[in-house]
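All remarks here apply to the structure that follows.
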Amino acid sequence: MEKQEQKKYAFVKLNNVWQRAIVTKEEDLNIHFKFKSGQEEVFSKDSKFYELSSNPKQRYAKKEVEEKLANVFIKQKEVDPYVKSLLSQGQDAYYEYTYKDTQGVNRDGVKMLRMKFDQDLGSKLDVTIKSNKEFTLANAVSRNYQFTKEEYNQLIMGKQVLYNAVSKDGEQYPKIGWYSEKLNQVIDRSLLSENTYVYGQKLTHDQAKSLNEGETIKFEYTTKGGEKNTVDIYYDAKGDKTRSPKNEQAKNLDVTFEEVGLKTSNEQGKVKNSEKKNSKKQGITM
C-alpha cells in the first residue's frame with residue numbers, strides 16, 4: 001500500500017491580501033498554489049509574496065505579521081523570531097516598555113499583541129494596552145458590558161466569566177472573559193462552537209455549550225488506530241486550549257480556519273528554552 005503524500009501548505013499574498021493555500025506543484029523555477037475558492041495561481045520561486053507554512057500550528061504568514069508589527073514597533077528594526085512565531089500561531093505576546101506621563105516621569109507600560117481574523121476586515125494585529133485605572137466594580141466594563149458584583153468577584157478570584165458583549169449597534173454577542181493582572185483589565189475570547197475541533201473531531205452544540213459554561217465533560221473520540229477513547233476535558237479560554245483535569249496536560253484545540261476552509265491548530269505548543277531566552281531580549285513575555 002502506497003503511503004499517501006502529505007499536503008504542503010503556504011501563505012500567499014494575492015490581490016494585496018495574505019491567504020492560505022495548498023501547494024499543488026513545484027518546478028525548478030515556479031511553484032503552483034490552489035486557494036479555497038478553487039482559484040489556481042503560479043508564482044516564481046524567488047517571489048517575496050509567498051512563504052511555505054513552517055508548522056501545522058501556523059495561522060498567519062510571518063511576513064504578514066512583520067507588516068502588522070511595523071505599525072506598532074516603529075522604532076524597532078527587528079522583532080525576535082520567537083515573537084513572530086507566537087503571533088503567527090494566533091497566540092498572545094506581551095511587549096513591555098517605558099513611556100513618559102504628563103509630568104515627564106517614565107512609567108512602565110505593557111501591551112498584549114495578538115493576530116485576529118475578522119470576516120469583514122480580514123486579519124489584523126490586535127493591541128491591548130495596560131489600564132492605569134483601578135479595577136473596581138464601577139470600572140469592570142468590557143465591550144460595553146457592565147459586570148455584576150457577583151461576576152466582578154469571580155473575575156477577581158481568577159475565574160472565567162461568560163457574558164454578553166454589546167456592539168455599537170446594540171447587538172449582543174457572547175464572550176468568555178477573565179481579569180488579567182498584567183493588563184489590569186478584562187481580556188476575552190470567542191466561544192467554542194460546532195466548528196471547533198478537539199482530538200480531530202468537531203464538538204456538538206451541547207458539548208460546546210457545556211465547555212463554554214465552564215463544565216468538565218466526557219469526550220469520546222476515535223484514535224488514528226480506529227480505537228474509541230474517552231477523556232474528561234474542560235475549556236481553558238486563557239490558554240485557548242482544552243485540558244484534562246486528570247493530569248492537566250494541554251490537549252490540541254483545532255479550530256476551523258474559516259477564511260481558507262482549512263484546519264489549523266490553536267494549541268500553544270512547547271517552546272524551546274533557547275527561544276524563551278531570546279524573547280526576553282525584546283521585552284516580550286508570555
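What follows is calculated from the coordinates using simple rules that are stated; it is not laboratory data. This is a predicted model, so every value here is computed, not measured. Cβ: placed from backbone, ideal geometry, glycine included. Neighbour counts: every protein chain shown.
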For this session: For the pairs LYS45/LYS68; LYS8/LYS63; LYS57/LYS218; LYS168/LYS241; LYS84/LYS124, note any where the Cα-Cα span goes beyond 21 Å.
Result: LYS45/LYS68; LYS57/LYS218; LYS168/LYS241
For this session: Given the peptides 127-135, 158-166, arrange them by the average over their residues of other C-beta atoms within 10 Å, most packed first.
Result: 158-166, 127-135
